[in-house]
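What follows is a set of notes on a single structure, which appears directly below.
The values are calculated or read from the model by the stated rules, or taken from the named source; none is laboratory data. Bear in mind that the values here come from a model prediction, so they are computed numbers and not experimental data. Note that we place each Cβ from the backbone using ideal geometry, even for glycine, and neighbour counts take in every protein chain shown.
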Amino acid sequence: MPFNVTSYFRQEMLPHIWCPGCGNGIVLRDFAVALEKLNYSRQEVVIVSGIGCSSRAAGYLDFDTVHTTHGRALPFATGIKFANPGLKVFVIMGDGDASSIGGNHLIHACRRNIDLTAIIFNNHIYGMTGGQFSPMTPRDKKATTAPYGMIEQSFDLCRLAEAAGATYVGRATTYHNQLLTRLIVEGANNRGFSLIEAVTHCPTSYGRRNKMATPTDMVRWQKESAVLIDRIKEGRASLQEGQFPVGLLHQHDAPEFTAEYLEVVKRAREK
Amino acid sequence: MRKPIEIRLMQGNEACAQGAVDAGVRFFAGYPITPSTEIAEWMAREMPAIGGKFIQMEDEIASIAAIIGGSLAGVKSMTATSGPGFSLMQENIGYACMTEVPCLIVNVQRGGPSTGRPTAPSQGDVMQARWGTHGDHPSIALSPWSVQETYTLTVKAVNLSEKYRTPVILLLDEVIAHLREGVKLPDPRKLKLVERPRPRGGREEYRPFGGTMKEVPPIADFGMGFNCNFTGLVHDEVGHPSNSPAVTDRLIRRLVGKVEYDRDQIIHWEEIEMKDAEMAIFAYGCSARSSVSALKAARELGMKVGLIRPTTLWPFPEKAVEAAAARGIPLLVPELNLGQLVLEVSRVAAGRTRVRPLSRVDGELFTPMEILSALKEGF
């Protein structure tokens, strides 16, 4: 049977609220394709999101969905997964949601290595509030709260997640959308905490202020800035100033939280 | 594991934890904070063996988020904290009100504001329990005066939370939480437990936020196949976000209304020596204990003093004050704060009788003598 993407959406919730030219729809479609490939039943999937443009994605999908408070999607998801480990829990966050207000929850979810799959829509800006800088706005770029250019260092969330203990870390862009689907599938199959950064584009609030006014400009920027990690590893490419690697960036085995808790139950019952 | 019926010397915090588990709580998330920590420690020790979940989160915001998550998965859930943590939880308490997710929040009150006096008793969070989160919202808060009552009110708090699909706050006083008293634990199998309403029909007719203004709509557990959307945004009966004035008005009025319409079922207070009372003390929690001693001393002196002791602080027990005000009985309201619940007492008394606050904020309890002195001084 051919893949019917619309069957994954709550039709009555559409059209979505995103601006013309927004990249979030591409990420959302890639996610739906990944869910199709994963072949989970409709009732075992839970999608949790925070607050921001990208977090509206949860409401569009036809599963058990929770649109939580700003930055707190991961502890909500932790509660859901821990209470019922049989559920497949995905977490959708934006860059501000995950790395700023929710930064502490992110590192602790990584450290616990709880079996969640987090997809972070990185558009480098607070879009819903109109274009303020986020911790992932690149240096020197402009935002409404950085009208003279960003002077702070930006986070590399993938490296942060790796250092904090996440067992599967990958990055793709809306240009590399088949890669994105592959990473989401692999992340979901990883028994532990998986973080997938999806670089998306916001021409309205980010691109227009930074000489990338059209969606095409922004996707071109992604194509030129992203370097496949496999090519770097094979020595066929190297990262230049302003470039970032995409692909599977990190993977390791470690005990998963809900599985470890079963060990606690065993010890408590033996006592 | 405990025996079916047991008399035990217990601390208030332990009685709270035992009551929660007996009421069916099987999910606890928390963060260490004095003077509530014993509840988390008890849960960490006991939950795994009884098929429950314990998790220590990275902070109090994460703790309440996790218990809302646990409850969405269908498990009765709770957290325990004190003033600073209770402040941090406020946003997500509003989220639980808005999305109608049952959960129990225990706040073992300590001196504030800010870090305040972590080991000193206070009743300074009474108004925060009512108005702590932003926007109009329902509120149920209970306050026990003994270790025994901590057990029974914890069971009641869990039941109310399930019945009304709303967060319930148990306001413990530090001295009750750390007090050790004999407690008679009832047979847990004979406790009357309440389960949240769950949907009976199919997905098509399911309205997780529907029903009349007085009804509590059913809630499906995640994984049951109802594929619901929960959002802190204003939402319609199905759960879709809405900017409609009519939808907004209906939702906010229903959220508050489902508790307000049933306030007589929720509210409980006790009256001591009120029949012939010519003046009365209105007190709750540990202040009611000092008040009983003051009442006895006053009666020995021939003063006709009564006591009204609410265990439900929110919704405010208006009828308790109403009856006293109608008889023109002046009310003394001792609180370990600078006058919080006394504002409600005065509002209901509406000038028909005199209402006098009595405050202590030095981290010490009321002595019976100072309450007696206040009664002698008059109103």
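Summary of computed values
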| quantity | calculated |
| --- | --- |
| Odd one out for B:SER63, checked against (1) under 19 Å from the mean Cα position of the chain (by Cα); (2) within 11 Å of another protein chain (Cβ to nearest Cβ); (3) surrounded by fewer than 24 Cβ atoms within 10 Å (Cβ to Cβ); (4) of a type in the set (Gly, Ala, Ser) | (3) |
| Helices (runs of 4 or more DSSP H) wholly inside the range A:179-271 that include at least 1 residues being surrounded by 13 or more Cβ atoms within 10 Å (Cβ to Cβ) and either under 15 Å from the mean Cα position of the chain (by Cα) or within 14 Å of another protein chain (Cβ to nearest Cβ) (or both) | A:257-270 |
| Selection status of B:ARG352, surrounded by fewer than 21 Cβ atoms within 10 Å (Cβ to Cβ) and assigned to a helix (DSSP H, G or I) | no |
| Only one of A:ALA143, A:ALA164, A:ALA188, A:ALA198 that is in contact (Cβ under 8 Å) with a residue 40 or more places away in the chain and farther than 29 Å from A:ALA34 by Cα | A:ALA143 |
| Subset of the range A:60-103 (residues that are surrounded by fewer than 24 Cβ atoms within 10 Å (Cβ to Cβ), assigned to a helix (DSSP H, G or I) and either within 9 Å of another protein chain (Cβ to nearest Cβ) or over 16 Å from the mean Cα position of the chain (by Cα) (or both)) | A:TYR60 |
| Single unsatisfied condition, B:ASN229 versus (1) without any contact (Cβ under 8 Å) to a residue 12 or more places away in the chain; (2) touching a helix residue (DSSP H, G or I) at 6+ places or on another chain (Cβ under 9 Å); (3) more than 14 Å from chain A (Cβ to nearest Cβ) | (3) |
| Options B:GLN90, B:GLN148: the member that is surrounded by fewer than 20 Cβ atoms within 10 Å (Cβ to Cβ), within 15 Å of the chain's Cα centre (by Cα) and either assigned by TED's automatic domain parsing to the domain that holds B:GLY30 or within 19 Å of B:ILE267 (Cβ to Cβ) (or both) | B:GLN90 |
| Residues of the range A:154-170 that turn out to be within 25 Å of A:THR137 (Cβ to Cβ) and in contact with a Gly (Cβ under 7 Å, 6 or more places away or on another chain), as a count | 1 |
| Criterion violated by B:LEU251 - all others in (1) closer than 26 Å to A:ARG72 by Cβ; (2) free of Cβ contacts under 8 Å to residues at least 24 places away in the same chain satisfied | (2) |
| Count - residues of the range B:291-308 that are surrounded by 24 or more Cβ atoms within 10 Å (Cβ to Cβ) and under 24 Å from the mean Cα position of the chain (by Cα) | 2 |
| The listed residue being touching a Leu at 6+ places or on another chain (Cβ under 7 Å), of a type in the set (A, V, I, L, M, F, W, C) and outside the structural domain of B:VAL342 (by TED's automatic domain parsing), out of B:PHE222, B:PHE226, B:PHE282 | B:PHE222 |
| Strands (runs of 3 or more DSSP E) within the range B:98-194 that include 1 or more residues among the basic types (Lys, Arg) | B:180-185 |
| Qualifying residue in the range A:118-132 (condition: under 22 Å from B:SER71 (Cβ atoms), within 8 Å of chain B (Cβ to nearest Cβ), buried (at least 24 other Cβ atoms within 10 Å of the Cβ) and in contact with a helix residue (DSSP H, G or I) (Cβ under 8 Å, 6 or more places away or on another chain)) | no |
| Per-region count, the range A:49-59, residues more than 8 Å from every other protein chain (Cβ to nearest Cβ) and outside any loop (DSSP other than H, G, I, E, B) | 5 |
| Given (1) more than 14 Å from chain A (Cβ to nearest Cβ); (2) aromatic (Phe, Trp, Tyr); (3) farther than 28 Å from B:GLU260 by Cβ, number of the condition B:TRP42 does not satisfy | (1) |
| Strands (runs of 3 or more DSSP E) enclosed by the range B:1-80 - at least 3 residues per element that are more than 20 Å from B:THR166 (Cβ to Cβ) | B:6-11, B:53-56 |
| Filter result for the condition that a residue is under 19 Å from B:TRP42 (Cα atoms) and in contact (Cβ under 8 Å) with a residue 12 or more places away in the chain, over B:THR133, B:THR166, B:THR152 | B:THR152 |
| Test: A:ASP217 is among the acidic types (Asp, Glu), touching a residue at least 12 places away in the same chain (Cβ under 8 Å) and touching a helix residue (DSSP H, G or I) at 6+ places or on another chain (Cβ under 9 Å) | yes |
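Results for (1) more than 17 Å from A:GLY71 (Cβ to Cβ); (2) in a strand (DSSP E or B), shown as yes or no for each residue.
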site	(1), (2)
A:HIS108	no, no
A:MET136	no, no
A:ARG139	yes, no
A:GLY149	yes, no
A:GLU162	yes, no
A:ALA172	yes, yes
